[in-house]
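The values are calculated or read from the model by the stated rules, or taken from the named source; none is laboratory data. Computed from a predicted model, the values in this text were never measured in an experiment. As a convention, Cβ positions derive from the backbone with ideal geometry for all residues, glycine included, and neighbour counts pool all protein chains shown.
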Amino acid sequence: MEWKNKGISLYFQVKEYFKEKILSGEWPADYQLTAEPELAESLNVSRATVRQAINELANEGYIERKRGIGTFVTNNYYEGNFIKMCFPSEVGKRHKMISITHENIDDSMMRHFGLPEGTDMYTILRLRYLQGIAKPAMLEKSYVPVEYFPELEKYELDGDTKLYDVLSAEYGVKFTNFTTELQAKLLTEEESKMLDYPTGLPIIMTTRICYSSDGKANVLTRSLFHPKRCKLVIKDSI
């Protein structure tokens with residue numbers, strides 16, 4: 001095989017070549033890669049180049065090395081019902097907190113809460129990671145009324161902590177029902193950088209409003225789903 005892009009590192013070209021095979025489905029989940037010496041020979045590159053490409057793909061979560069067995073393609077997306085209020089723990093529950101701020105949100109969103117314009121709201125921005133995927137699969141922005149949950153910023157909302165668990169345990173809220181809206185959205189430049197997905201391409205956004213037993217809307221969360229790391233499935237009976 002010939003590599004013609006002289007201005008680009010050879011290992012990077014090999015890495016992108018492997019990644020394309022994974023993302024196209026030519027190398028499906030659980031596919032075992034050929035041993036490094038054979039790969040190097042077939043691609044006409046050094047074994048060190050192949051090893052560096054594989055190391056980076058492993059760090060990014062595309063492949064996994066199993067000691068004494070070999071190197072395998074991981075499951076690069078989670079297939080599930082993302083319309084549900086909460087995802088099971090085995091899906092993965094790790095979050096990375098980006099920010100928690102106070103904001104006055106616009107009227108179109110305030111109508112969900114039934115609160116007057118200018119009400120102080122927490123805006124919580126977090127990345128969500130799914131099991132076995134090294135890069136973020138979702139970008140979540142949650143809006144919570146400050147008057148319902150004062151001093152929320154003092155609680156740990158990073159790592160494996162679920163926002164709903166904190167609100168239930170620390171404030172005694174019992175969530176009983178929710179509504180979810182789906183729509184397509186174009187990413188902003190900032191969202192694109194956080195999700196590592198190009199601007200100008202539509203992705204799925206859900207808006208979930210969660211209600212407590214007294215009928216109040218307590219949380220509104222807008223989630224952006226990385227299309228190569230999440231597959232939305234909706235199942236119902238006839």
Among the residues of the stretch 182-194, the number that are in contact with a strand residue (DSSP E or B) (Cβ under 9 Å, 6 or more places away or on another chain) and at pLDDT 90 or above is 7
Within the stretch 110-125, track down each residue that is in contact (Cβ under 8 Å) with a residue 24 or more places away in the chain and either surrounded by 13 or more Cβ atoms within 10 Å (Cβ to Cβ) or within 28 Å of the chain's Cα centre (by Cα) (or both).
HIS112, PHE113, LEU115, THR119, ASP120, MET121, TYR122, THR123, ILE124, LEU125
When (1) among the aliphatic types (A, V, I, L, M); (2) in contact with a Pro (Cβ under 9 Å, 6 or more places away or on another chain); (3) modelled with pLDDT of 85 or more are applied to ILE22, the one that fails is (3)
Within the stretch 11-52, which residues are of a type in the set (Lys, Arg) and without any contact (Cβ under 8 Å) to a residue 24 or more places away in the chain?
LYS21, ARG47, ARG51
Has the stretch 67-85 got at least one residue that is at pLDDT below 90, closer than 16 Å to LYS228 by Cα, of a type outside the set (Asp, Glu) and in a helix (DSSP H, G or I)?
no
Could we say that HIS95 is at pLDDT 85 or above, of a type outside the set (S, T, N, Q) and within 20 Å of LYS228 (Cα to Cα) here?
yes
Only one residue in GLU153, GLU140 is closer than 27 Å to LYS193 by Cα, outside the structural domain of GLU36 (by TED's automatic domain parsing), modelled with pLDDT of 90 or more and buried (at least 18 other Cβ atoms within 10 Å of the Cβ). Which one?
GLU140
Yes/no for THR179 being in the same structural domain as TYR122 (by TED's automatic domain parsing), surrounded by 12 or more Cβ atoms within 10 Å (Cβ to Cβ), at pLDDT below 95 and not in a strand (DSSP E or B)
no
Would you check if there is a residue in the stretch 38-58 being in a loop (DSSP other than H, G, I, E, B), modelled with pLDDT under 90 and among the small types (Gly, Ala, Ser)?
no
Residue satisfying all of: in the stretch 195-206; part of a strand (DSSP E or B) and buried (at least 16 other Cβ atoms within 10 Å of the Cβ); modelled with the highest pLDDT among these:
MET205
